[in-house]
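Worksheet: one structure, shown below.
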Amino acid sequence: MSDAAQPSAAEVRAAAEAVKAALDRHLDAVERRSGQDDPAVYAAFDELAAAAEVYDELLYDTYDEVTPFEIPGNDALPAYAGPEEPSALSVLIRRDYTVAEPQRLLHQAQRIADLDPDAADEAAGGGADAAAVVGTSVHAALGVLFGEFEPDEIASRHKEFGLEEGDSTLWVAAADDPAEPGEWLSAPFDQADPQRVVCRFDVSAVFDEELGDDDMLEPLDHER
């Protein structure tokens, strides 16, 4: 930053005072909260986060120093704008994996194919004796694995199948009316509206430094 644009010491001091005032207002809102989702607490939290971010930036620009606070990012879902009393729900799940041990995956898929060749042929995409190649094709092996087991079982046994977990998220979204059978199957995720998410649950390695393994699943209401 050039000298001309350098913040003054007075600006840094004013930003620090703004953080102090925002802290007082946040504590006051918490002490007076009317319930778990009191909008006054949310507003005070956002105000405190914004004030802390301004102070953090000015402190760094002026003195090349940082605060010990982690400023929340802007990647949170927008404010809920769905029906107050949802009559239908959509549950959207994404789980990422890497194929950490291909040979283990191929072995497990071949074992499944040997036990049920017909089902393996279908899961692997059909063709002439498709089950016979699942032990050599990761593509076919994944088809057999996910055709045989429910996603929740794969999540709980992923290491057994040679997979390594990445990030995962689950969104519970409100809908006005139940969808007609087959209505969205051709494009199941196109209508995901963040403003209709009632709650969400995230798991990510970025939480490891702050949370233990038993605490990694947190609802959106607690991830402000």
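When the residues of the range 94-108 are filtered to those that are without any contact (Cβ under 8 Å) to a residue 60 or more places away in the chain and within 29 Å of D202 (Cα to Cα), the one that is least open to solvent (accessible area, probe 1.4 Å) is L105.
Against the list (1) open to solvent by less than 90 Å² (accessible area, probe 1.4 Å); (2) modelled with pLDDT of 90 or more, the condition Y63 fails is (1).
State which residue pairs qualify: first residue closer than 16 Å to A10 by Cα and inside the range 45-69, second residue acidic (D, E) in any location, beta carbons under 8 Å apart, and separation of 6 or more residues or different chains. Once the first residue is closer than 16 Å to A10 by Cα and sits in the range 45-69, its partners that are acidic (D, E) give L58/E11; L59/E65; T62/E11.
Are any residues in the range 4-31 over 26 Å from D61 (Cα atoms), open to solvent by 60 Å² or more (accessible area, probe 1.4 Å) and either polar (S, T, N, Q) or touching a helix residue (DSSP H, G or I) at 6+ places or on another chain (Cβ under 7 Å) (or both), and if so, which ones? Answer for the range 4-31, where residues must be over 26 Å from D61 (Cα atoms), open to solvent by 60 Å² or more (accessible area, probe 1.4 Å) and either polar (S, T, N, Q) or touching a helix residue (DSSP H, G or I) at 6+ places or on another chain (Cβ under 7 Å) (or both): just R25.
The set of residues from the range 68-93 being surrounded by fewer than 12 Cβ atoms within 10 Å (Cβ to Cβ) and modelled with pLDDT of 80 or more comprises P68, A81, E84, E85, S87, V91. Do we find a residue being buried (at least 20 other Cβ atoms within 10 Å of the Cβ) and modelled with pLDDT of 85 or more anywhere in the range 117-139? For the range 117-139, residues buried (at least 20 other Cβ atoms within 10 Å of the Cβ) and modelled with pLDDT of 85 or more: absent.
The values are calculated or read from the model by the stated rules, or taken from the named source; none is laboratory data. Just so we're clear, the structure is a prediction, and the values are computed from it rather than from any experiment. All Cβ positions, glycine included, derive from the backbone under ideal geometry; neighbour counts span all protein chains shown. Heads up: the accessible areas ignore ligands, DNA and RNA and are worked out on the full protein's heavy atoms, side chains in. Shrake-Rupley method; radii C 1.70, N 1.55, O 1.52, S 1.80 Å.
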